[in-house]
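One structure is given below, encoded as structure tokens.
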Ligand code: SAJ
């Protein structure tokens, strides 16, 4: 068995880098996406997403003829599905929506052939790989699948969740270990053979359900640890203790490793995936749900602190509420990226602008224009120098531009540093 022709369905933050890395190993790769603009751009050797070095890799792969993009799949040896798994809209709670996976199945089913491998890479609730196999089997009754034919099936199916960190995707794709969960042991072996084309980490075999749960567990573990840090930060504020020093000290214990508090947890993974465990296990997943709630409520706490600081300035008789200016440092969901989606910093800036009658400005070195939810509320994009003159400076993202900055604030100024990076002199 060899995998020379690979189709990758979904050319987003995971699918495109994965397609490009396979192509860089001289596999013939067809990337498939419903976004025709992205497909056209990729065929010109350009990219529609921001990720270090991805543009160069895609350009080289397209110029050498190993990577092509299309809105329609073609027959291949292996199919990788890397499409989004958002929440269902219009229903209460946080139920995963597998509609994109189902649509991917519909698109590849007509071109499937005996001997093909289909791998689900999208982060998915437990049971999604079996569901995917069910959809494919229904569309292709002429082929046999592992759920009915076990090791002798025509089609092999596996789940191999991506685990890469945005900003470091190309390095982590190659060097991270991969958890590979086949629907049967032979499915797992086939998937290992596929990934060995570029993975230098270890490929560890398990079954599909465990692989699904493993990915959700990794992100839930991180979310719970950050929730612990966020809860500590609120307790420390009340107790007049420096939470950053506290965590530094506690982490000197050989078996303690607490992450860092912040303004909340954002992005499309850590703030989403734990809900996939909760929605499938509402009575059992009590800690995982509580962690999500703690992190989701942190932006409200930050806004109430800003309000408190404004009150301090006004009560001191130094100014009026309308005259208080507020600057937000950073809007992205984490440091040194331009991604504003699901960003707690953006949410906080929006809430401040909504509630505060005075001037609100923002600094975000990675964007050129503010999104409309801020401009509609009168927020202006500015530079760091102007922002540091504001009455209240709210540091929301630990971008390198102001990490380790030492600032001396006047008596009419207050700093709320949600990331603990600015030293006051
Ligand atoms: N954050 C904190 N404190 C910390 C660390 C992070 O507040 O100590 C916040 C960040 O500011 C951000 C959020 O958490 O708002 C998430 O950022 P992140 O860097 O922790 O994670 P992501 O969402 O960029 O990527 C995660 C990674 N998962 C783990 O580290 C377990 C990555 O490996 C996954 O592949 C990715 O989710 C994914 O695609 O699921």
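Here are a few things to note about the model shown:
- Options 36, 103, 82: the member that is within 16 Å of the ligand (Cβ to nearest atom), at pLDDT 95 or above and closer than 30 Å to residue 273 by Cα: 82
- Close pairs (6 angstrom Cβ cut-off, 6 or more residues apart or separate chains): over 28 Å from residue 332 (Cβ atoms) and in a helix (DSSP H, G or I) in the range 264-287, within 16 Å of the ligand (Cβ to nearest atom) and at pLDDT 95 or above anywhere: 280/125
- Residue in the range 393-407 that is on the phi > 0 side of the Ramachandran plot and either in contact (Cβ under 8 Å) with a residue 40 or more places away in the chain or in a loop (DSSP other than H, G, I, E, B) (or both) present: yes
- Residues that are in contact (Cβ under 8 Å) with a residue 12 or more places away in the chain and surrounded by fewer than 16 Cβ atoms within 10 Å (Cβ to Cβ) within the range 72-93 comprise 72, 74, 75, 86, 87, 93, listed in sequence order.
- Taking the range 2-42 as the range and being without any contact (Cβ under 8 Å) to a residue 60 or more places away in the chain and assigned to a strand (DSSP E or B) as the test, the residues that pass are 28, 29, 30, 31.
- Condition met for residue 292 (assigned to a loop (DSSP other than H, G, I, E, B) and touching a residue at least 24 places away in the same chain (Cβ under 8 Å)): no
Condition check ((1) at pLDDT 95 or above; (2) in contact with a helix residue (DSSP H, G or I) (Cβ under 8 Å, 6 or more places away or on another chain); (3) not assigned by TED's automatic domain parsing to the domain that holds residue 396) across all residues:
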residue	(1), (2), (3)
277	yes, yes, no
306	yes, yes, no
312	no, no, no
319	no, yes, no
330	yes, yes, no
345	yes, no, no
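- Subset of the range 306-349 (residues that are more than 16 Å from the ligand (Cβ to nearest atom), part of a helix (DSSP H, G or I) and touching a residue at least 12 places away in the same chain (Cβ under 8 Å)): 306, 307, 309, 310, 312, 313
The values are calculated or read from the model by the stated rules, or taken from the named source; none is laboratory data. The model shown is predicted, which means the values in this text are computed figures rather than measured ones. Positions of Cβ are generated from backbone atoms using ideal geometry, with glycine treated the same way; all protein chains shown enter the neighbour counts.
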